[in-house]
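Below is one structure, written out as structure tokens, with a few remarks after it.
Please treat every number below as a calculation from the coordinates, not as lab data. Quantities reported herein were computed from a predicted structural model and do not represent experimental measurements. Positions of Cβ are backbone-derived with ideal geometry, glycine not excepted, and every protein chain shown enters the neighbour counts.
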Amino acid sequence: MSGILISSFSAVESGIIYALMALGVYLSFRILDFPDLTVDGSFVTGGAVAAISIVNGVPPVLATFYAVIAGFIAGVVTGILNTKGKINPLLSGILMMIALYSINLRIMGKPNVALLNEPTIFNQLEGFWASLGIDSFLNSILTDLGADTVPGTWVVLIIMVIITLIIKFITDYFLKTEVGLALRATGDNEKMIKSFSANTDILTIIGLGISNALVALSGAFIAQAGGFTDVSMGIGMIVIGLASVIIGEALFGTKNIARTTLAVIGGAIVYRLVLTFALKVNFLDTSDTKLITAVIVILALVTPKLVATQKEAKRIRRKRAMLASGKES
Amino acid sequence: MLSMKDIEITFNEGTLDEKKALQGINLDMEKGDFVTVIGSNGAGKSTLMNMVSGSLKPDIGTVKINDKNVTMLPEYKRSQFIGRVFQDPMAGTAPTMTIEENLAMAYARNKKRTLKVGVSKKRKALFKEHLETLHLGLENRLNAKVGLLSGGERQALSLLMATFTEPNILLLDEHTAALDPSRAELITNLTGEVVEQFDLTTVMVTHNMQQALDLGNRLIMMDKGQIILEVSGQEKQQLTIEKLLHEFQRIRGKQMENDRAILG
């Protein structure tokens, strides 16, 4: 029982960090209608820049900011490849992804960088956090509820909830501004927004920049929470992002932008939970993670359609039955 | 207001598929002029529209709007001066966005886009006011996604979006062709009203001869990339479909004789 609590806790914790990456994927994939595979590379770029900066003595907050800038630049380059180089969106992303693999190795100078005994955003706040006494308060509630083991610290979870929500609200606001509206229209009807004097090339470039900045930010936080960056930690990241977006949209709805961004964050957490529980199945181990991810995405894509078809068939059956019984009487 | 001088465009030059899409086009429009353009398929009407809008650049010649040379100005910059309604009712609006958001994007056409909220309270009132002129009840559906509207409603909204910021030039590209007759009539009437209201300089391409006669103060007929007939003012008012067809055959016939003479 306690094992489940702890692993759910860490699933939610990493889910909320990956939610930033999912928001980035939502911006490119849904808002710009641009399947951007840069994500696999820019996620690591974020982690690499943050880790190497911290190791070299840069304060963690500044190091995280550098990571965001690096991710933004990666997205901008993908955007330029697509709009100015006229390379198809999928291929632009793939090219950038593969280029970033080498660039990330260059940034780190080796395949992985450890952050053992280095300051991070989280451990810098731990002392202040402990003085607040929130950990013992929350844990005492858990113990009262019958848990026999409790999470070590809540600092990562709480900080990430705050940061992710702030970024969610900024994103919601941005997508309602004049520039944001034009950005959304670029993905929705490019021909139309061009006829209303919007430079769709620049909008695509900026949109991909922001998207990958969020992805890199997520990478930087994952590196600091996990204590290391590995050059291969971005493999399949785009699929995880898509999984979060699709699961979130299916479970929590897409009524408006604010609802959808919240759904995407929820989707990222649900994905981590599902993955954690799937790995608890006896014959599955961590090397099956990617396979499980693929299955989750497939289910998330197929199930809503099946349910809708079933509902429609049921509605028609009921209507026919009603008509038939009406005729008999 | 809009002037085209010695315009020439050739597609696939130097190949077997070479096509002179526009040749020797000269057209001068005063403020408030409403030109209807007719002609058979491939006559160059759409090329003319795309050339004015900036999505095509002429090989030779100049385009001026308000005495400003815009020949080489890219489409997105030129659209500050130009409102456009397309043939496809789906083309002029963003389907996943709401009516008010679409109007906000249109409102920003001749302004710099900023990081201020696109749909402010003040603008909402303005949008409502404009939507009321369509008499479609859209003013009560500001938050409806445009993809849920019918083709006629979408085209009426497109027309409003293209015109309510009073562009220097209005381009209508067979904008009633994809609608059923009653909706087409509605849009035709709205077009007449809105052009008069804002005194817009308008170019309208149409396949509907009656529409070309009913709307506008000038009419041009195109064939094989050239303007073969120009009628305006009093003369246009007295024009009928029969006269137009007769005129078309007279000019085309003469040309065919010329061709025969050359070939013979």
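What lysines does A:K314 reach when the alpha-carbon gap must be under 19 Å and sequence neighbours fewer than 8 apart in one chain are set aside? Excluding near neighbours in sequence, the set is A:K305. Taking every residue in A:266-275 and counting other chain Cβ atoms within 10 Å of its Cβ, the average works out to 0.
Taking a span of 20 Å or more along the helix axis (Cα atoms) and a mean Kyte-Doolittle hydropathy of at least -1.0 as the rule, the DSSP H helices of chain A that qualify are A:2-25, A:39-55, A:60-83, A:89-108, A:155-174, A:200-226, A:237-252, A:257-280, A:289-328. Farthest toward the dipole's positive end in segment A:86-223, which of A:L157, A:A185, A:L142, given Cβ charges of +1 (Lys, Arg) and -1 (Asp, Glu) about the Cα centre? In segment A:86-223, that residue is A:A185. Expressed in Å, the radius of gyration and Dmax of the Cα atoms of chain B are 19.6, 72. Relative to the Cα centre, the charge distribution of segment A:2-232, modelled as +1 at Lys and Arg Cβ and -1 at Asp and Glu Cβ, gives a dipole magnitude of about 800 debye. When each of the peptides B:116-122, A:20-26, A:197-203, B:210-216 is scored by the mean number of other C-beta atoms lying within 10 Å of its residues, the order from highest to lowest reads A:20-26, A:197-203, B:210-216, B:116-122.
Can you pull out the GluC sites (Glu not before Pro) in segment B:1-56 that DSSP calls coil and that have at most 12 other Cβ atoms within 10 Å? Loop-located and lightly packed - B:E13, B:E18, B:E30. Segment A:248-321 and segment B:205-258 have Cα centres spaced 60 Å apart.
Each of B:Q234, A:S92, A:F29 was placed along the dipole of the protein assembly as shown (beta-carbon charges, centred on the mean Cα), and the one lying farthest toward the positive end is A:F29.
Distance between the 7 Å Cα→Cβ label points at B:N66 and B:N26: 2.7 nm.
Pairs spanning more than 23 Å between alpha-carbon atoms, out of B:K45/B:K111; A:K194/B:K145; A:K86/A:K255; A:K194/B:K111: B:K45/B:K111; A:K86/A:K255.
Plugging the Kirkwood radius over Cα pairs into Stokes-Einstein for the protein assembly as shown, at a temperature of 25 °C and a viscosity of 0.890 mPa s, what D comes out in µm²/s? For these conditions, the coefficient is 88 µm²/s.
Using the average count of surrounding beta-carbon atoms within 10 Å as a protection proxy, the listed peptides A:87-93, A:138-144 rank, highest first, as A:87-93, A:138-144. Shielding of peptide A:199-209 by partners, expressed as the average count of other chain Cβ atoms within 10 Å per residue Cβ, is 1.
In a simple Cβ point-charge model (Lys, Arg +1; Asp, Glu -1; nothing else charged), the protein assembly as shown has a dipole of about 700 debye relative to its Cα centre. Packing, as the average of other Cβ atoms within 10 Å across residues, places the peptides A:96-107, A:221-232 in the order A:221-232, A:96-107, highest first. Straight-distance candidates among the aspartates and glutamates for linking to A:K191, with alpha-carbon spacing under 17 Å and chain neighbours fewer than 8 residues away dropped: A:D33, A:D201, B:E75, B:D88, B:E101, B:D173, B:E174. With each label modelled as a point 7 angstrom along the Cα→C-beta vector, the A:I170-B:E193 pair spans 4.6 nm.
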